Amino acid sequence: MVGLSIGEKHFIQGGIAQDLRTDGRKRLTYRPISVETGVIAQANGSARVKMGKTEVIASVKAELGRPSSSAPDKGKVSIYIDCSPTAAPQFEGRGGEELSMELSAALRQCLLGGKSGAGAGINHSSLSIVDGKVCWDLYIDGLVINIDGNILDALGAAIKAALSNTGIPKVNVASTAPSDEQPEVDVSDEEFLQFDTTAVPVIVTLTKVGRHYIVDATSEEESEMSWAVSVSVNREGLICGLTKRGGAGLDPSVVLDMTLVVKHVSEELMNKLDSEIAAAQAMEEKS
């Protein structure tokens, strides 16, 4: 929790009201974003993302598994986030577990469509190898290294970058196996298929401070918020998921206004992130 004096609180709120935040940004402007890919050699894909002073890492591990009986033609994806004890003083000991669970659930809602899977930004069908028998299980892990607000957007960006960096081994399936038996598969060590991230959304969090929305709130700004809504939006402008923290329920007219703002901001964020990912992968290939 950030402790601010009354004067500091008034300064933050007054600046946001005048569309001039304490770091010089406008209300709907992100801090500088940097991306580094291939940061974990043992993973199928990984990335480090910095938004201002907020820093996170995401990794993707692909393992062969068996599809669930309820979705025999799809693979499985799990997301788990951990908070480093050094990210903030309150995370020492067991202090980060509650936030880890909250972030994991929010990312599943935004990227995987929650329990129903409706609107999922990650195509589970592309992970199927043999319907009902063999599929890819993707394990997405995130680590919060340093916190200065807007963790969810940073983690969403890191996951998108890590998936862009992910190579799925090519699999050959033996055609001689009886239909009632588990087929034999040969997993290549040399041929990899690039994971398709076309539909993977970005997450934009709108934080309400006073009478205005801001994006990419710092920890100090978050300490003055009344509520925050995180919306995942794909490249086509379609909303994949939504999660909220703080405050009471929202009027439908407010939600409509927010979605219009989010769609505008998400396009800029998507383009910036795509550019940073492409530059990071080009740098990785050179090294």
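The values are calculated or read from the model by the stated rules, or taken from the named source; none is laboratory data. Because the structure is a prediction, the values reported are computed rather than measured. For neighbour counting, all protein chains shown are included, and Cβ atoms are generated from backbone atoms with ideal geometry for every residue, glycine included. Just so you know, the surface numbers come from the protein's heavy atoms only, side chains and all, with ligands and any DNA or RNA stripped out. Shrake-Rupley method; radii C 1.70, N 1.55, O 1.52, S 1.80 Å.
Out of curiosity, is Gly132 within 25 Å of Thr197 (Cα to Cα), in a loop (DSSP other than H, G, I, E, B) and touching a residue at least 24 places away in the same chain (Cβ under 8 Å)? Answer is yes for this residue. Glu97 meets all of the listed conditions (1) surrounded by 20 or more Cβ atoms within 10 Å (Cβ to Cβ); (2) more than 20 Å from Pro201 (Cα to Cα) but one, namely (1). Quick check on the range 46-63. Is at least one of its residues over 21 Å from Trp136 (Cα atoms) and at pLDDT below 95? For the range 46-63, residues over 21 Å from Trp136 (Cα atoms) and at pLDDT below 95: absent. Residue under question is Asp148, and the condition is that it be acidic (Asp, Glu), assigned to a helix (DSSP H, G or I) and under 27 Å from Glu220 (Cβ atoms); does it hold? No, not satisfied. Residues in the range 114-130 that are open to solvent by less than 10 Å² (accessible area, probe 1.4 Å) and at pLDDT 90 or above: 1 in all.
Residues in the range 261-274 that are over 12 Å from Ser232 (Cα atoms), under 17 Å from the mean Cα position of the chain (by Cα) and open to solvent by 60 Å² or more (accessible area, probe 1.4 Å): Glu268, Asn271, Lys272.
Considering the range 54-76 alone, what residues qualify as being open to solvent by 30 Å² or more (accessible area, probe 1.4 Å) and within 14 Å of the chain's Cα centre (by Cα)? Spell out how you get there, then give the answer.
Quick first cut of the range 54-76, residues open to solvent by 30 Å² or more (accessible area, probe 1.4 Å) only: 55, 61, 63-64, 66, 68-70, 72-74, 76.
If the condition is that a residue be open to solvent by 30 Å² or more (accessible area, probe 1.4 Å) and within 14 Å of the chain's Cα centre (by Cα), then Glu55 is the only one that fits.
Scanning the range 131-151 for residues that are open to solvent by 20 Å² or more (accessible area, probe 1.4 Å) and under 11 Å from the mean Cα position of the chain (by Cα) gives Asp141, Ile151. Looking at the range 172-184, is at least one residue surrounded by 15 or more Cβ atoms within 10 Å (Cβ to Cβ) and of a type in the set (A, V, I, L, M)? Scanning the range 172-184, I find no residue that is surrounded by 15 or more Cβ atoms within 10 Å (Cβ to Cβ) and of a type in the set (A, V, I, L, M), so the answer is no. Residues in the range 44-53 that are surrounded by fewer than 21 Cβ atoms within 10 Å (Cβ to Cβ) and either more than 16 Å from Leu155 (Cα to Cα) or in contact with a Lys or Arg (Cβ under 7 Å, 6 or more places away or on another chain) (or both): 1 in all. Under the condition of being in contact (Cβ under 8 Å) with a residue 24 or more places away in the chain and not in a helix (DSSP H, G or I), the residues counted in the range 253-287 number 0. Leu111 satisfies every condition listed in (1) touching a strand residue (DSSP E or B) at 6+ places or on another chain (Cβ under 9 Å); (2) at pLDDT below 95; (3) open to solvent by 20 Å² or more (accessible area, probe 1.4 Å) except (3).
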